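The values are calculated or read from the model by the stated rules, or taken from the named source; none is laboratory data. All figures in this text were calculated on a predicted structure; none of them were measured in a lab. Cβ: placed from backbone, ideal geometry, glycine included. Neighbour counts: every protein chain shown.
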Amino acid sequence: MIETAENSNARAQLHLFGVPGLIGGAATKLAHLIRLLHHDFTITVVPLAAGVLKERDFKKQIEPFGVRGCLLRDLPKRLEGVGLAVCEKDFFTSGTAREAKARGLKLVWSNEMMFPFKGEAEAVKEGLIDRVLFVSEFQAKAFAEMYGGVPSFLTGNYIDPDDYAWRERQNPVFTLGRLSRADPTKYPLDFPVFYEELGLKEARYRVMAWTHDVQKQYRWHRFGPEWELLPEKKEPALKFLYSLDVFVYPLGHRIKESWGRAVVEAMLTGCVPVVPAGHQFHKLMVHGENGFICQEYRQWRETVRELYENYPLRQKISRQCAEHAREHLCNPEQHRRVWLEALSF
Amino acid sequence: MGELPVLGIPNISDSTDAVPPGMKAKYCFWSVADGPYGAMMENCVRTAREAGVFKEFHVLTDRPLAGCECYDAFQFEKANGLFKLHYLKVGMSRLNFDYFVWLDADTVFLRNPVDVLAPLGRSPLHVPLEVNLSALNEDRVWKDSSLFRLRDLLREQGVMSQAYLCGSAFWIVHHDAIDTVYELALGFWRKARESGLIAGVSAALGYAMQILCANPEAHLLEAHPELWASDDMGRLDETFVKRKGAAWAWQHPLRSEAIEVRPAMVHLPRSKESPALAISTV
């Protein structure tokens, strides 16, 4: 039986290692987990750096939910409950994992990436990790050898749907774009060609999380006035997504798997997603009903052209993708149950 | 013999943007031609001049060649053709052009091409794609390699659309994409080698092409029938080549259907054995 606030006198202790925020997959995941689980656990957020505790953005993510922030060194010598770290790159090398374990926490680790972090394999061998969480079966398979013998759990990703309300949109100039981490590998090497050869008569391209390193990949290309290349955090994600009619998300050959957090956020707002085949996208949408999954370039082009020319279709899919994301992908109760199980010992 | 500018001297690679709108892109032809290929290259340039082509030809070679800007080629291994990529990276990248148009030495110009760079579209690389590997129903061996295995490897390495086979006798690359093309092509070649597949420069370039072009159909050979084709089937004779402007039926040895082309530039692989074929254009 899962021990929750409803069936226990004292709420279980949950220590979240990392920094919740609204930019970046791991930070957002922590922020949304706090909202999802703060009734079930007494949550303490444990950042690895002291400076974070005073940051306004950090406080905004924890204080409204009765969650406190504290460095590990300031916590009692003996700790109870669970310690959860999500994609915290220094978790192992800083000695935090070993220390947390030594103080009595059950350690739960969620890597989120397709590669191990420094010190992660050694931590597994040392027996520091009591349970490993995966966002997908594909990821679990990639880590199967390294985590052989460690109990695992598939949790997926939770996104608070209230942060991404649906909105009707019809830009005067058809606007397509994308939002992702500011990582050059998130963009396909033919990215500007990909958008421009869709063959739209008049379109605007908006991209957020554009950096010098991303730009460098495309030195051969001249970005015309139809392009708006915004740096990371230039706009709140919601405002950015509202500005797009369609979320066109080619990934390229360097990304082995994308869970698609940005895609789900887009769906919630009603921004119609057009995504590549593979990855986890078939679990997020049904092609033609609440988004589009394309394999070949000609399919991308046909799909985007159809959406460009057919506003009623765009509007219909916009509503359907938002409803689907809200009811099935981001259903708080379903996610809460999964997480309670994943964090119970 | 000229020397390639040494690294560190400002050249186009220091610029930050592609050619601004309204300004014509600068390009040159280039090749590597030593030994008997030197004479072929001289012939290629002669036919170009005769057709009214006055762009520069930059050639890595072992002796001065008439009509060419020449650079020392030194000794190089020709077996897999990768020297084309190595010379692109260490040589051409130092020259002040926006685009580099590779031509095999056994190429002739029948006319002045209208717009050599047009097939690029918005892509930084153009290699004419010749055979749709995804449409093959049964495996074939081409240049000692299984085409099914090549197709599978292209897929595994991220080619999402139909996978195509191409040659390497004619291709165009943007100056600022040289490093990317080199890394993609060599990376693919290494992957092929690791998996026991013999892949030459054509497969490697074809991979880079299909990763960088978004829309492969825009780069099919038949999409640009006026520009370039290779007479792989040996259909052209001296009389035809002398006529210059006539259309002919291009066919890849692996394709069942022929396509009518009237290219300004023709690759004549048979001219190595029958030099009179290439010289007949003069």
- Message: Where the second residue is loosely packed, with under 14 Cβ neighbours inside 10 Å and the first is within 16 Å of A:GLN13 (Cα to Cα) and lies in the stretch A:101-125, which pairs have Cβ atoms under 6 Å and are six or more apart or on separate chains?
- Response: A:GLY104/A:ARG78; A:LYS106/A:PHE345
- Hits in the stretch A:241-270 (condition: away from chain B (no Cβ under 14 Å) and at positive phi): A:GLY260, A:GLY270
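Suppose we filter A:LEU79, A:LEU75, A:LEU105, A:LEU84 for residues that are modelled with pLDDT of 95 or more, among the hydrophobic types (A, V, I, L, M, F, W, C) and within 23 Å of A:CYS330 (Cβ to Cβ); which single one remains?
Details: A:LEU79 fails: within 23 Å of A:CYS330 (Cβ to Cβ); A:LEU75 fails: within 23 Å of A:CYS330 (Cβ to Cβ); A:LEU105 fails: within 23 Å of A:CYS330 (Cβ to Cβ).
So the residue among A:LEU79, A:LEU75, A:LEU105, A:LEU84 that is modelled with pLDDT of 95 or more, among the hydrophobic types (A, V, I, L, M, F, W, C) and within 23 Å of A:CYS330 (Cβ to Cβ) is A:LEU84.
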- Message: Would you confirm whether or not the stretch B:2-14 contains a residue that is under 18 Å from the mean Cα position of the chain (by Cα) and at pLDDT 60 or above?
- Response: no
- Per the filter on the stretch A:157-195, residues farther than 20 Å from B:THR180 by Cα and either in contact with a Cys (Cβ under 6 Å, 6 or more places away or on another chain) or not in a loop (DSSP other than H, G, I, E, B) (or both) are A:ILE159, A:PRO161, A:ASP162, A:ASP163, A:THR175, A:LEU176, A:GLY177, A:ARG178, A:LEU179
- Note on the structure: A careful count of residues in the stretch A:272-323 that are of a type in the set (Gly, Ala, Ser) and more than 19 Å from A:PRO161 (Cα to Cα) gives 3
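Considering only residues that are outside any helix (DSSP H, G or I) and surrounded by 13 or more Cβ atoms within 10 Å (Cβ to Cβ), which ones fall in the stretch A:136-150?
Answer for the stretch A:136-150, where residues must be outside any helix (DSSP H, G or I) and surrounded by 13 or more Cβ atoms within 10 Å (Cβ to Cβ): A:SER136, A:PHE143, A:MET146, A:TYR147, A:VAL150.
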- Select from the stretch A:210-219 the residues that are out of contact with any Leu (no Cβ under 9 Å at 6 or more places or on another chain) and either of a type in the set (Lys, Arg) or in a loop (DSSP other than H, G, I, E, B) (or both) and list them in ascending order. A:THR211, A:LYS216, A:ARG219
- From the residues in the stretch A:77-99 that are surrounded by fewer than 23 Cβ atoms within 10 Å (Cβ to Cβ) and touching a His at 6+ places or on another chain (Cβ under 8 Å), which one is farthest from A:PHE143 (Cα to Cα)? A:LEU79
- Task: Among what's in the stretch A:186-240 and is in contact with a Lys or Arg (Cβ under 7 Å, 6 or more places away or on another chain) and on the phi > 0 side of the Ramachandran plot, pick the residue that is farthest from the other protein chains (Cβ to nearest Cβ).
- Result: A:ALA209
- Query: Which condition does A:LYS29 not pass, out of (1) of a type in the set (D, E, K, R); (2) in the same structural domain as A:VAL135 (by TED's automatic domain parsing); (3) surrounded by fewer than 19 Cβ atoms within 10 Å (Cβ to Cβ); (4) modelled with pLDDT under 95, if it passes all the others?
  - Reply: (3)
- Message: Being at the interface with chain A (Cβ under 10 Å from one of its Cβ atoms) and closer than 24 Å to B:ASP139 by Cα is the filter here; which residues of the stretch B:156-187 pass it?
- Response: B:GLU156, B:GLN157, B:GLY158, B:VAL159, B:MET160, B:SER161, B:GLN162
- By my count, helices (runs of 4 or more DSSP H) wholly in the stretch A:231-345 with at least 3 residues that are within 21 Å of the chain's Cα centre (by Cα) and within 30 Å of A:LEU14 (Cα to Cα) are A:261-269, A:332-342
